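Colleague: Handing you a structure now.
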């Protein structure tokens, strides 16, 4: 296990808190730390960053553009899953053929 100085830990937590769009994974990658390690540091610091406007008003309906984006993301996930299934099937059947 690596041991990080307290200043390094505090800087990483502060960086995560200061960037509203940043994820733990992105900050951890930028710092060269395992994401779970950074997540533990954030929890230990009792840190929470302010939530965005959308998180404070969950009853607000999504705009048409947001709804369309969500539907398109869902469709992309479905198509990627189907492609992966077909890829695995093709690999399986290619291995079965003995000409």
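The values are calculated or read from the model by the stated rules, or taken from the named source; none is laboratory data. Here the structure is a predicted model, which is why all the values come from computation and not from measurement. Note: ideal-geometry Cβ built from the backbone for every residue, glycine included; neighbour counts use all protein chains shown.
Colleague: Taking the range 26-47 as the region of interest, how many residues are without any contact (Cβ under 8 Å) to a residue 12 or more places away in the chain and not in a helix (DSSP H, G or I)?
Modeller: Total meeting the criteria: 3.
Colleague: Output the number of residues of the range 37-62 satisfying the condition of being modelled with pLDDT of 85 or more and surrounded by 11 or more Cβ atoms within 10 Å (Cβ to Cβ).
Modeller: The total comes to 8.
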